[in-house]
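The values are calculated or read from the model by the stated rules, or taken from the named source; none is laboratory data. Predicted model, so just to flag it, every value in this text is computed and none were measured. Here Cβ is always computed from backbone atoms with ideal geometry, including for glycine, and neighbour counts include all displayed protein chains. The accessibility values were calculated without ligands, DNA or RNA, using every heavy atom of the protein model including side chains. Shrake-Rupley method; radii C 1.70, N 1.55, O 1.52, S 1.80 Å.
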Amino acid sequence: MSRALVRSLAAGAALLTTAFVTPAATAATPTVDELRVAGTSVQLTPTASEQTKAIAAQNKASVRATATMCGSGYKLHVAERLPDSRRYGTLFTYTKTNSQGFSGACAVFDNNMPGGMKMKLKLCPNRVNPTCKVDEGLFTQYAGPVKIEGSHSYVFCSKVTAIMWDGIAGPAIIDAVRTATPCD
């Protein structure tokens, strides 16, 4: 085969690849509406799970309230019923990004039990011996928000701890430690 024919075939193959592969990649990119909790202005992160989307759709008032507490630029990353489907509490984590990566993490721990519960919410940056943000006390609605902001390396892989006790001195009925931002 001549070099001219090989170049022509290679150019044609590249064109066909672009024509057939690019639309599929574009179709897989979520739209703005797909990255929003339906019926709200609350945005979801592209990595929000189906479970998070379902919990958010069922609890729009809580999602709106917790997003407002975190502030502008934050997107819902995780909504999780704790300790499980019994749902004594719901942990909401939000993240904020900029051109450098993560620039903020925010958490709110919603009390889903009747009356006040002793609760603790702690958010720690990705550091050895970190200075954590903590909200602890007797809450009828929620603990938090707790928020950390800074460079990507500071916020990336941060940890959130949500604890709820059975009464003032009873055992913990929720004791969950999670990543507040995606973590490799």
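For every residue, the table says whether it meets (1) among the basic types (Lys, Arg); (2) touching a Ser or Thr at 6+ places or on another chain (Cβ under 9 Å); (3) free of Cβ contacts under 8 Å to residues at least 60 places away in the same chain.
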| residue | (1), (2), (3) |
| --- | --- |
| 37 | no, no, yes |
| 40 | no, no, yes |
| 51 | no, no, yes |
| 78 | no, yes, no |
| 91 | no, no, no |
| 95 | no, yes, no |
| 100 | no, yes, yes |
| 138 | no, no, yes |
| 142 | no, yes, no |
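Among residues belonging to the range 36-69 that are in contact with a helix residue (DSSP H, G or I) (Cβ under 7 Å, 6 or more places away or on another chain) and of a type in the set (Gly, Ala, Ser), point out the one that is modelled with the highest pLDDT.
56
For residues that are open to solvent by 20 Å² or more (accessible area, probe 1.4 Å) and not aliphatic (A, V, I, L, M), scanning just the range 78-93, find the one that is nearest to residue 159 (Cα to Cα). Spell out how you get there, then give the answer.
In the first step, residues of the range 78-93 are kept if they are open to solvent by 20 Å² or more (accessible area, probe 1.4 Å); the result is 78, 80-81, 83-88.
In the following step, the residues that additionally are not aliphatic (A, V, I, L, M) were identified as 80-81, 83-88.
Details: 80: 15, 81: 17, 83: 17, 84: 19, 85: 22, 86: 23, 87: 21, 88: 21 Å.
Per the stated criteria, the residue is 80.
Across the range 48-63, what is the number of residues that are touching a strand residue (DSSP E or B) at 6+ places or on another chain (Cβ under 9 Å) and either part of a helix (DSSP H, G or I) or more than 22 Å from residue 84 (Cβ to Cβ) (or both)?
8
Could you grab me the full set of residues in the range 91-131 that are of a type in the set (S, T, N, Q) and under 20 Å from residue 67 (Cα atoms)?
Scanning the range 91-131 gives 93, 95, 97, 98, 103, 111, 112.
Looking at 118, 133, 96 in this structure, which one is open to solvent by 30 Å² or more (accessible area, probe 1.4 Å) and closer than 20 Å to residue 48 by Cα? First the steps, then the outcome.
On the way: 118 fails: closer than 20 Å to residue 48 by Cα; 133 fails: closer than 20 Å to residue 48 by Cα.
The conditions single out 96.
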